[in-house]
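Trainee: Below: one structure in structure tokens.
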Amino acid sequence: MRMCMLAFATIALVGFCSDANAQTNCPELARLRGEAAEAAKQMTGVPNRCEAYRRFSTAWGDIFRYANDHRELCNVSGVLLEEFEKRYREAAKARDNACAGRPLQSFPPEIIKR
């Protein structure tokens, strides 16, 4: 399960890095990205899984809010903003599951046997 979330975090950060122009125009956006990367690293091997996922979802929420508030200044496209929002929603869902003691991702119906 940890490998799944590490892969999720890596994919999320790679998706974030796809718009280099937004980062060069806005060093604050790059700083927030660094915080999200650091939070992703801290998600594995920690005793308090809930707190690690809270930090990760907070980092993505900060990225999304900053990008939304500074769209023109940072040259953030609508597609990129939607991607940030999607990553934030996924991080928040993982946080909620981690803090409730549930699996981080729900299983597809074909895996669940009755």
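Trainee: Taking the Cβ of each residue in Arg87, Arg71 as the centre, tally the other Cβ atoms inside 10 Å and list the residues starting with the fewest.
Mentor: By the 10 Å Cβ count, ascending, the order reads Arg71, Arg87.
Trainee: Something else: Can you compute the modelled spin-label distance between Glu72 and Asp96, with each label point 7 Å from Cα toward Cβ, in nm?
Mentor: Here the modelled spin labels are 3.4 nm apart.
Trainee: What FRET efficiency, computed as 1/(1 + (r/R0)^6) with R0 = 25 Å and r the Cβ-Cβ distance, is obtained for Leu81 and Val46, rounded to the nearest 0.05?
Mentor: After rounding, the FRET efficiency stands at 0.25.
Just so you know, all these numbers are worked out from the coordinates, no wet-lab data involved. Predicted model only: the values in this text are computed from it and were never measured. Cβ sites come from the backbone with ideal geometry, for glycine too, and all protein chains shown count toward neighbours.
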